[in-house]
Amino acid sequence: MPVIEAGEPLPLALRSSGGLTGLRDYQQAAVDALLGGEGEAARAATAESTAPAAAGGSGVVVLPCGAGKTWVGIGAIARLGCETLILTPNTVSVTQWIRELRRATTLGDDQIGAYTGDRKEVRPVTVATYQVLSSRGGERGTNAHWPLFQDRNWGLIIYDEVHLLPAPVFRLTAELQATRRLGLTATLVREDGREGDVFALVGPKAYEAPWKSLEEAGWIAEASCSEVRVPLEPDCAERYADAPARARSRIAGENPRKAEVVRALLARHEGEQALVIGQYLDQLRRVSRELGLPLVTGDMPHGERQALFDRFNRGELRALALSKVANFAVDLPDAAVAVQISGSFGSRQEEAQRLGRILRPKADGGGASFYSLVSEHTDEVEYARRRQRFLVQQGYRYEVRRWTEDGSAADRPAAESSR
Amino acid sequence: MKTRDIVAELPKGALAWLREGPWTAGRLAHGRSLAEALADPSRAAEWAEAAPPLARDTLALIVQRFGPAPFPEEKLAPEGGRPPFGWTGAELRLAVQLLRRDGIVFALDRPWGDRLLLVPADMCAVWRRLLLPLRVTPLPEGAWMDSCDAAASPLSHELVAAWSAIRRSGLTLTAKGAPRKQDAAKLAAAMRLASEDIPPLTVPPAWEALPASAVLALLLGRSIGMLKRRGQAIAAEPDKAAEAWLALPAAEAELRLLEQAADSLLAAGAPGAWLAAESLRDLAPMRWYLAADIAKALPTKEAAGAAEAWIRFLRAAGWMETGSGAEGAALRWIIEPNPGRLMASADGYDRYELMPDLEAIVPPEVPPGARWELELLARRLSEDVVAVYRIDAGACRRAQADGTSLEQARSALERGSGAPLPGAVDIALRDWFHAAPANSAGQPARPSETPPPDKSPLRVLSVERPIVRRDESHDEATHGDFFGCADAAARIDGAGPARSWDAKAPILSRRLYPGADGVPPGWLRQPAAYHASTRKEIVERAIGWRAGLRLSKDGAWIDFVPERVVPDEHGGWRVRGRPFVREAGSGKPVLAENPVDLEALEIGTLMISLPEAEHAEIYRPIT
């Protein structure tokens, strides 16, 4: 069995005051499943001797969106008490991790660092983006940042949204051989069929909590899912029919009639905070303009984005339009309605991630509503069917409804039964 | 050929004496047909219990030597008067007549004079079980085996998938009547079986270069009735027999497929292989047996030699598992190979589970008919012990184009899953069966009209428990049609065309032996002393009839089977043959292992022992 290095010790503890109650039972179970009885023993060993700690402690934890995977990571750090490198998909996630680490642990600001395009802080707990690790630019095209990580005695590497783990990043971090690895994800599905690579690269699945189980226990909001089939206007239908196959999905996705559906749904959910999520920026800009919704996109400066999120979280904004940034860790806990107006083909992971944006338990105990708008009699119907597959397997049922010509009976179902 | 087929061809004269046979007449009451009576396994069991040992031993010999293959009577004759069979040639000849009288053996006259005998194929297996059971003790329950090697799923699953592929796209034939090489290669690539695991197949020359697994799928498809030739293509159009097979529970369907595979693969003229294959079916399923024990227990060396290749096929077909343990190589059935031991399927396990995500989880107990219907509407994602399918837009649209309606599709899935459809599945079917993207006016296309129900491949399969009848597929014209050349039928059938069944009633008297009425009665009645030349004539007559002699030598009586007269160096003669004694009870001759010579002068009184005179009264059923 390979010897796992314990890493540089890092004393820390979880805070249990100021409204924090420690890990939930399933989060604790996830940490236990990953580390077993390790942690206390490892710290004692490393404190008292130079002998290496027990082997083991690598794997993947799968929890629904909104279930607090971050806390599982923080729990693992606290249990192992070692220097940790956390890798995330984007700077928004970096910000969220750092915020949670400060809030939940006894680590000081000087012990937590962000390593992104804008900031270069290598500290005992460092949160970096996948991109910065896979960027080249050093001598002979090597990664310029790599030596900084290699020189540090990490005891744990956490891969947030591990299903996105690009192979080049793993190849690099694999050189840190004697380090435990923890992968966190809500959706271990990949459209290229390479889910199994994650297990090979990070470790076996150590823990998984079915979405519906956590919903029943109240840890994530109860969500209703609907697919609304929106007809194409005649001119749009004609363009769709005449277009080559690769252009059709965009025509269907950008169906102008979807805007009126969004308006009707927002009206229906008056008083609830809503997200309108889409694939196509032109469409989002149009919807944003027509409905007066602030728009958040990936190329918006981070500060500007965060400002809008903060206003939404304070209740100053009732609805936001979001581009693909909504696919990733975006912390908008009070969002209770999501209207997906277009998506990337048949991506099951994207569908689940978008539902995940509204699954935080609500203060009033209310549920969440997810709508997927799909242009009727187009390829979007089949893409939607594929996209929904992961959630259907998790036990979610989609009510399929047809947007009527006069828009007056959005409740009329398309079929006798629901999905 | 099967009993029913033979009876259908028999001339009236033969039917008359068959109906009157002592083992038949009493069974024709209540409208029962002759074929039904002759093919009744319970009749066979009673006959095996009560028939005279001579007839039983002769039948066992025929089954052991020839199996269901037709054989010239002359090939049987040399067994007479020799160990281990024992009975004299004359007794053997009489036994054949008894077997004909009892409708167990049938005789074919060939135009060029030779005569063939045969035991109907359907009854040959029954006789084998009764007369030549394989007696092997299994290893203790819980015996541990290493290196277990078994296919995850049985052959029927592979075949249903292969035939479904043919249903989807047909199989074009070349001008020579064989599938195109690339199509056959594609069919073979999709099958798990490797060519080296399949026994040699009997096919026309144009088919010989094709991959064996593809040919097997086609041959078995024809045998079962799933495939037929349509002009220059092969189409998947189940006939009544195939529909009956599809409606069977999984275990029985697999067993019938095993029987068809044996019929198709164990060519006429290879009884060692047939005997091995049939004998193995006596082994209990899910019990390990040592291969060495089986080889010892098989009735003939040929069967022991042929068993290995057949076992390799059975393993590749997912019907047997092999392994090795402390005592050596072992094997076990993982399906039930014996129809008498089939049990009813456990309720509920013979349905697949249809999930809201459009996947169908198909456990091994799901019958072939449900898979066949599912393959029309779904794509197989994986095949292991449990198969996984996904209801597929492309498949459903193709099904619709071929005449399946939404209602038929829904019914088929509800039938196969035993439950109402999940909502998502219902919606998907409605989407796909109402097909058509929006037209330029932005309106959906009109739903397709429901085609006539009898055009759909999803018309309801028979729910009765039918007998799988092979009449249609054994029709010679169909045979020839499938392979595209008429003489293929002869090669495959073994019996060939131009046959006429012997309508003459069996002869159960001395008239069976040519010239018996012309010899002095005393030769046949009691031993007497004769002149040396007469003695020689008597001996030669016995040799001609393959009969035994009862003679005195040095004051003692000897029963003796003469084989030939040998001149001696003094100008006289001696007779070479085997002395024997009769076993108490059965009367079976126990012959000397090696022949001996009797000098002519040593022979005192003698007579010819013709069996009819001795045993006539006991050749009837005990009533």
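Just so you know, all these numbers are worked out from the coordinates, no wet-lab data involved. No experiment lies behind these values; they were computed from the predicted model shown. Backbone-built Cβ (ideal geometry, glycine too); neighbour counts: all protein chains shown.
Assuming a ≥ b ≥ c are the square roots of the Cα gyration tensor eigenvalues, decide whether the stretch B:196-261 counts as rounded (a/c under 1.5), prolate (otherwise, with a/b larger than b/c) or oblate.
oblate
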Give the angle, between 0 and 90 degrees and rounded to the nearest 10, that separates the Cα long axis of helix B:368-377 from the longest principal axis of the Cα atoms of chain B. 30
Excluding residues on the same chain fewer than 8 positions from residue A:362, give the lysines whose Cα lies under 26 Å from its Cα. A:69, A:212, A:324
Could you list which residues have their amide H under 5 Å from that of residue A:220, counting only those 5 or more apart in sequence or on another chain, with H placed in the peptide plane? A:215
Largest first and rounded to whole Å, the semi-axes √(5λ) derived from the alpha carbon gyration tensor of the stretch B:511-618 read 21, 17, 12
Anisotropy class of chain B from Cα gyration tensor, a/c 1.5 cut: prolate
First check a/c for the stretch B:220-299, with a ≥ b ≥ c the square roots of the eigenvalues of its C-alpha gyration tensor; if it is under 1.5, answer rounded, and if not, answer prolate when a/b is larger than b/c or oblate otherwise. oblate
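Please report the net charge: other residues with Cβ closer than 14 Å to the Cβ of residue A:25, K and R +1, D and E -1.
Taking every Cβ under 14 Å from that of residue A:25, the sum is -1.
What Kirkwood hydrodynamic radius do you get for the protein assembly as shown when you take the inverse of the mean 1/r over all pairs of distinct Cα atoms, in Å? Spell out each step's value before the answer.
Details: mean 1/r = 0.0281 Å⁻¹.
By the Kirkwood definition, the hydrodynamic radius is 35.6 Å.
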Per residue of the stretch B:35-49, what does 6.51 cos²θ - 1.76 cosθ + 1.60 with θ = phi - 60° give for ³J(HN,Hα)? Whole Hz please, x for Gly and Pro, Karplus curve as stated. 4, 4, 5, 5, 9, 7, x, 6, 4, 4, 5, 5, 4, 4, 6
Could you name the lysines in cross-link range of residue B:240, using Cα to Cα under 16 Å and dropping any fewer than eight places away on the same chain? B:228, B:455
DSSP-defined antiparallel bridges as percent of all bridges, the protein assembly as shown, nearest 5: 55
In deg cm²/dmol, rounded to 500, what helix-only [θ] at 222 nm does the protein assembly as shown give when every DSSP H run of at least 4 residues adds -39500 (n - 2.57) and the total is split over its residues? -11000 deg cm²/dmol
Farthest towards the positive end of the dipole of the protein assembly as shown, among B:434, B:234, A:333 and with Cβ unit charges of +1 on Lys and Arg and -1 on Asp and Glu, lies the Cα of B:234
Angle check, please: helix B:532-545 long axis (alpha carbons) against the longest principal axis of chain B (alpha carbons), in degrees 0 to 90, nearest 10. 10
Putting +1 on Lys and Arg Cβ atoms and -1 on Asp and Glu Cβ atoms, find which of B:310, B:103, B:369 reaches farthest to the positive end of the dipole of chain B. B:103
Once the Cα atoms of helix B:423-433 and of chain B are each reduced to a long axis, what angle between those two axes, in degrees from 0 to 90 to the nearest 10, is obtained? 90
Counting other beta carbons within 10 Å of each Cβ, put B:226, B:607 in order, fewest first. B:607, B:226
The stretch B:3-131, dipole about Cα centre (Lys/Arg Cβ +1, Asp/Glu Cβ -1), debye to the nearest 20: 20
Using unit Cβ charges (K, R positive; D, E negative) and no other charged atoms, how large, in debye to the nearest 20, is the dipole of the protein assembly as shown about its Cα centre? 1100
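Could you please rank B:596, A:31, placing first whichever residue has the fewest other Cβ atoms within 10 Å of its Cβ?
B:596, A:31
Would you mind counting up the charge near residue B:300? Only other residues with Cβ under 14 Å from its Cβ, with Lys and Arg at +1 and Asp and Glu at -1.
+1
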Once you charge only the Cβ atoms, +1 for Lys and Arg and -1 for Asp and Glu, what is the size of the charge dipole of the stretch B:144-344 about its Cα centre, to the nearest 20 debye? 820
Residue among B:185, A:169, A:87 farthest towards the positive dipole end of the protein assembly as shown, charges placed on Cβ: B:185
When you have a sec, figure out the Kirkwood radius of the stretch B:1-144 from all distinct Cα pair distances and drop it here in Å to one decimal? 16.2
Long-range amide H contacts for residue A:402: which residues qualify at under 5 Å (H placed 1.01 Å from N, peptide plane, sequence gap of 5 or more or a different chain)? A:229, A:412, A:414
